[in-house]
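Below is one structure; the comments refer to it alone.
Read-outs: derived from the displayed coordinates by stated rules, not from any lab. Bear in mind that the values here come from a model prediction, so they are computed numbers and not experimental data. Every residue, glycine among them, receives a Cβ derived from its backbone with ideal geometry; neighbour counts consider all protein chains shown.
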Amino acid sequence: MKKIDDILIYRDENYFCAFPSIVRMSDGKLAVAFRRAPERRPYGGRCTHADPNAQLVLVRSTDSGQTWTQNPDLIHAHALGGSQDPCMTLLHDKTIICASYLWVLQQPRCPAGGVFDNSGWKHTFAGGYLMRSHDGGHRWEGPILPPPVPGSVALDAFNQPLPAYNRGNILVGSDNLLYWAVVCTDKRKQPGTGGTVTSVHLMVSADGGDSWKYRCPIAVEEKVGFNETYLYETAGGDLVAFLRTADGTGKVPGAIARSRNRGKSFEPWQNAGFTGHPHCAARLNDGRVLLAYGYRKEPYGIRARVLDTECTNAGSAPEIILREDGGSPDLGYPWPVVFPDGRVLVVYYFNRKDDIPATWPESATADTEGMTAQGGIRFIAGTWMEP
């Protein structure tokens, strides 16, 4: 696979746009969902990943990705706070299911829940929810609350277990089951950081996402946390989990876990062997697997590898540089779609160093504390690849 071209999908200097996913409908039409929040830097604030006004929106293309609508449709604006990472999956019956999760603005008298201070905003995490569309993403029903992950100690503001959540896909298996890798907050503390360690577990639905049952752990480790996970089913039927890691040292930049028994259990996780996160995977027309990921070290950008059909060579497969012109590490989260002619469109969010609107005051770029305060406008882009 080789890169063809980069395209702009959506950009508005009034908004921080991030965390896209893409689906290709049976009629060939494309839909890209992403999270959109106010760009607060011109007003003395920072662009942040936990904004109380973040909404889930969607743009479309009816000409195979050549042009895109510029007035996004609303998927959901949650009444209680800011939503994140709309992860869409197209089911066999043409239903789209979209997973997201919620941050609620912390109030002074909030009775419980974890407090997260993100660039001046204090939030309580409220867990995950699902949205569903039966008409190609024009109308949505929800939020639908999944059950909590057994063993998770995370609570909402009312001391209730949080609904399951994850940034990553819901996999439609060849057995018509839905497989979802979800995050569990454990009691353990991460050595050297004091932060709570998270693990990843498998939940399965046999009714299109109406109900979910716990299946097994995917990755649990004493000194390494796991979170944002993408699931892929190989040609031979294995379930492969590409996991983002947090070990406080950077020695485990990513992990891979495999199930050879349809998700009844997973083998011990393995170090991915390369830098990049989070991952996403898609089956190419020749049966090989495109693995794409954000690259948050200089030069910032998007990278990819082409794996064998069973995903056994992730660490040794040659790396393909899709972009290396990013302005800060606040970019990535790619999501691919494969076309009948063999081309692939990888969508992601991006920023460039000097991409600062002339209308912004100088103070908007003076504060460089934290990666989200650096770089220019966050926008949704894509890269075309072909065999």
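If you average the sequence gap of Cα pairs under 8 Å that are 6 or more apart and divide by the length of the chain, what percent do you get for the contact order?
15 percent
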Note to self: Can you give me the distance in nm between label points at D308 and S265, each placed 7 Å from the Cα along the Cα-to-Cβ direction?
What the structure shows: 2.5 nm
Note to self: If you average the alpha carbon positions of the stretch 18-51 and of the stretch 326-344, how far apart do those two centres end up, in angstrom?
What the structure shows: 14 Å
Margin query: Order 129-136, 206-213, 251-258 from most to least packed using the mean count of other Cβ atoms within 10 Å.
Written below: 251-258, 129-136, 206-213
Check: So which GluC sites (Glu not before Pro) in the stretch 237-334 end up in coil per DSSP with only 12 or fewer other C-beta atoms within 10 Å?
Finding: E324
Note to self: Based only on other Cβ atoms within 10 Å, what is the fewest-to-most ordering of R378, R41, R260, R60?
What the structure shows: R260, R60, R41, R378
Notebook entry, point to check: What size of dipole, in debye to the nearest 20, comes out for the stretch 2-386 about its Cα centre when the only charges are +1 on Lys and Arg C-beta atoms and -1 on Asp and Glu C-beta atoms?
Noted result: 600 debye
Next item on the list: Kindly put L284, L331, L239 in sequence by how many other C-beta atoms sit within 10 Å of each C-beta, fewest to most.
Entry: L284, L239, L331
Check: By how many nm would the segment from A206 to T69 lengthen if fully extended, with 0.36 nm per residue of separation less the alpha-carbon distance?
Finding: 45.9 nm
Note to self: Need one number: nm distance between label points at N14 and L105, each 7 Å from Cα along Cα→Cβ, rounded to one decimal.
What the structure shows: 1.9 nm
Margin query: Report the gain in length on full extension from D5 to A358: 0.36 nm times residue separation, minus Cα-Cα distance, nm rounded to one decimal.
Written below: 124.4 nm
Next item on the list: Rounded to the nearest 0.05, what FRET efficiency do S174 and F339 give with R0 = 22 Å and r taken as the Cβ-Cβ distance? Could you check?
Entry: 0.55
